[in-house]
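Student: For reference, the structure I am asking about is given below.
The values are calculated or read from the model by the stated rules, or taken from the named source; none is laboratory data. Owing to the predicted nature of the structure, the values given are computational and were not obtained by experimental measurement. All Cβ positions, glycine included, derive from the backbone under ideal geometry; neighbour counts span all protein chains shown.
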Amino acid sequence: MNDKTRSRRLLEDAARFGIRYREASVDRAVAPSKKALADVQQFVEPMPDVGTSDGDVIALLDEIGSPATMTMTSPRYFGFVIGGSLPVTVASNWLTTAWDQNVVMHEITPAVATLERVAMNWMIELFGLPSDSAAAFVTGATVANFTSLAAARNRIYADIGWDVEADGLLDAPPVTVLIGAEAHPTLIKSLGLLGFGRKRAIEVPVDRQGRMDASKLPALDGPAIVCTQAGNLNTGAFDPVADICDAVKPKGAWVHVDGAFGLWAAASPDRQHLCAGMQSADSWATDAHKWLNVPYDSGIAFVRDGAALKSAMSITADYLMTHSEFRNPSDYTPELSRRARGVDVWAALKSLGRQGVAAMIDRSCSNARRFAARLHEAGFEVLNDVVLNQVLVSFGDDATNRRIIDEIQKDGTCWCGVTVWQGRTAMRISVCNWSTTVADVDKSLDAILAIAQRSA
């Protein structure tokens, strides 16, 4: 067998294993079995002196690795806000991997740089953001928050005459940072990475749904960044971004929106009201591997002031100097070398169209309401107003909740997560998979209610 034939067979085997895995995702238990988890230890061995054939390596990955995965592609996986990856995006991901493009400069990778630029512009239009906003394709909302806030840091300091890129933060004038009391931990991590500190931000009180209380914003005097949230991690609630912008932007503050999944509500005519005023902010962060259902990893940062983003992210190196009239992707991202993750975003948006994206968002929200309605009818407490795709349910006291959630996870019909919200332990149901049907919701509910009623 020559190298060309061997290579073709290897890739065909990998595709066959992947297709079989995805087809089985519909019916297999969501959580891996104890045996599958025990078998993973077969991977733990000393580095071999002699190599293994490529075919055997891929076969071993499938034989041991596939059964031991959490089936996040399952239509009944509700543990975190995780999409199930649309078939077209899995296919585009495979093809893009075969291209193996390093998206640094348009001149070197014109096809993928163009696709990313198109996808960026489509999303800006879809979300109703300022048309001249800049964007960066990054690994996820954590880095999207970091990237957006790096641009904020540059602009805020430039406005007061401090060159933070050249002189850093040592002896720099202080910047006030406001966050909601239920800000996502990754936002706080980003603040730490940027030198603002993880504990220095001022927390603004929130209401019973986790929304920042705009009436309790402190008075601002000097440079400031205000971080808001579109889609609370637990409840799906939205901060009143319009009111916050009205209060702080006249003072010169930069307003950032952490919209890891909630930003996609702007794509649905029925849910755009949740995003009212969000377009007045200065930067926005979101994930595509959540509600757009593209493969991991895929996040996007949007910044109104493209010059501030480019100032924070670009590098200067003689060997990278080009004279292209087009946008160089690496001028806007923390990474220099990276994969062409924007191609999967383009594939999803091209496949779905505006109406398809809206339908996918609406379907998830409808399924979430179905979960909440039946759980409430069964006598269990739904803790949140179900405005989006998140449902919090309590089966009793903390110990009862944890015991029931553990049994639900072990059962394997579906997988839901445990959370502690405003001092109460609860089960969180996140509906985000494109393939989840009403039948999947009802099958999951039947299992959840049987376990809860038996164990309560």
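Student: Condition test on Ala224, is it touching a residue at least 40 places away in the same chain (Cβ under 8 Å), of a type in the set (Gly, Ala, Ser) and buried (at least 21 other Cβ atoms within 10 Å of the Cβ)?
Tutor: Working: touching a residue at least 40 places away in the same chain (Cβ under 8 Å): yes; of a type in the set (Gly, Ala, Ser): yes; buried (at least 21 other Cβ atoms within 10 Å of the Cβ): yes.
The answer is yes for Ala224.
Student: Only residues that are of a type in the set (A, V, I, L, M, F, W, C), surrounded by fewer than 19 Cβ atoms within 10 Å (Cβ to Cβ) and either under 30 Å from Pro205 (Cβ atoms) or modelled with pLDDT under 95 (or both): list them for the range 422-456, please.
Tutor: Ala456
Student: Tell me yes or no: at least one residue of the range 398-413 is in a strand (DSSP E or B) and out of contact with any Ser or Thr (no Cβ under 7 Å at 6 or more places or on another chain). Steps first, answer last, please.
Tutor: Of all residues in the range 398-413, those in a strand (DSSP E or B) come to none.
No; the residues of the range 398-413 include none that is in a strand (DSSP E or B) and out of contact with any Ser or Thr (no Cβ under 7 Å at 6 or more places or on another chain).
Student: Now, a different point. Might you let me know whether the range 432-442 holds any residue that is under 27 Å from Pro185 (Cβ atoms), hydrophobic (A, V, I, L, M, F, W, C) and not assigned by TED's automatic domain parsing to the domain that holds Phe261? So that I can check it myself, show each step before the final result.
Tutor: At the first step, the residues of the range 432-442 found to be under 27 Å from Pro185 (Cβ atoms) are 432-434, 436.
Still in the list and also hydrophobic (A, V, I, L, M, F, W, C): 432, 434.
Keeping just the survivors that are not assigned by TED's automatic domain parsing to the domain that holds Phe261 gives 432, 434.
Yes; the residues of the range 432-442 include at least one that is under 27 Å from Pro185 (Cβ atoms), hydrophobic (A, V, I, L, M, F, W, C) and not assigned by TED's automatic domain parsing to the domain that holds Phe261.
Student: For the range 167-182, what are the residues that are under 15 Å from Leu217 (Cα atoms) and either touching an Asp or Glu at 6+ places or on another chain (Cβ under 7 Å) or in a loop (DSSP other than H, G, I, E, B) (or both)? Talk me through it step by step, then tell me what you get.
Tutor: Going residue by residue through the range 167-182, those that are under 15 Å from Leu217 (Cα atoms) are 176-182.
Within the range 167-182, Ile179, Gly180, Ala181, Glu182 qualify.
Student: Still on this structure: Considering only residues of the range 240-281 that are within 19 Å of the chain's Cα centre (by Cα) and closer than 23 Å to Val175 by Cβ, which is surrounded by the most Cβ atoms within 10 Å (Cβ to Cβ)?
Tutor: Val257
Student: Okay, moving on. Which of the residues that make up the range 65-105 are over 22 Å from the mean Cα position of the chain (by Cα) and outside any helix (DSSP H, G or I)?
Tutor: From the range 65-105, those over 22 Å from the mean Cα position of the chain (by Cα) are 65-68, 95, 98-102, 104-105; that's our starting set.
Answer for the range 65-105, where residues must be over 22 Å from the mean Cα position of the chain (by Cα) and outside any helix (DSSP H, G or I): Asp100, Gln101, Asn102, Val104, Met105.
Student: The conditions are (1) at pLDDT 95 or above; (2) farther than 28 Å from Leu233 by Cβ; (3) part of a loop (DSSP other than H, G, I, E, B), and Ile58 fails exactly one of them. Which is it?
Tutor: Every condition holds for Ile58 apart from (3).
Student: Follow-up. On the basis of being surrounded by 13 or more Cβ atoms within 10 Å (Cβ to Cβ), modelled with pLDDT of 95 or more and β-branched (Val, Ile, Thr), does Val50 make the cut? I'd like the intermediate steps shown before the answer.
Tutor: Numbers: surrounded by 13 or more Cβ atoms within 10 Å (Cβ to Cβ): no; modelled with pLDDT of 95 or more: yes; β-branched (Val, Ile, Thr): yes.
Against the criterion (surrounded by 13 or more Cβ atoms within 10 Å (Cβ to Cβ), modelled with pLDDT of 95 or more and β-branched (Val, Ile, Thr)), Val50 does not qualify.
Student: Kindly list, by first and then second residue, each pair from a residue in the range 415-437 that is without any contact (Cβ under 8 Å) to a residue 24 or more places away in the chain to a residue that is part of a strand (DSSP E or B) and buried (at least 16 other Cβ atoms within 10 Å of the Cβ), limited to pairs with Cβ atoms under 7 Å and residues at least 6 apart or on different chains.
Tutor: From the range 415-437, the pairs are Val418/Thr425; Val418/Met427.
Student: Residue check, Gly55 against (1) without any contact (Cβ under 8 Å) to a residue 40 or more places away in the chain; (2) over 29 Å from the mean Cα position of the chain (by Cα), all met but one. Which one?
Tutor: The number of the failed condition is (1).
Student: Checking Glu116 against (1) modelled with pLDDT under 95; (2) under 27 Å from Arg327 (Cβ atoms), which single condition isn't satisfied?
Tutor: With (1) modelled with pLDDT under 95; (2) under 27 Å from Arg327 (Cβ atoms) applied to Glu116, the lone miss is (1).
Student: Cβ-Cβ below 7 Å, separation at least six or inter-chain, first residue in the range 142-157 and on the phi > 0 side of the Ramachandran plot and outside the structural domain of Val303 (by TED's automatic domain parsing), second in a helix (DSSP H, G or I) and surrounded by fewer than 24 Cβ atoms within 10 Å (Cβ to Cβ): which pairs?
Tutor: none
Student: Could you tell me which numbered condition Ala378 fails, if it satisfies all but one of (1) among the small types (Gly, Ala, Ser); (2) crowded, with 17+ Cβ neighbours inside 10 Å; (3) over 22 Å from Val26 (Cα atoms)?
Tutor: It fails just one condition, (2).
Student: What tally of residues in the range 339-362 results from selecting those that are assigned to a helix (DSSP H, G or I) and buried (at least 18 other Cβ atoms within 10 Å of the Cβ)? Please lay out each step first, then the result.
Tutor: From the range 339-362, those assigned to a helix (DSSP H, G or I) are 342-362; that's our starting set.
Subsequent filtering for residues that are buried (at least 18 other Cβ atoms within 10 Å of the Cβ) retains 342-349, 352, 357-358, 360-361.
Final tally of qualifying residues: 13.
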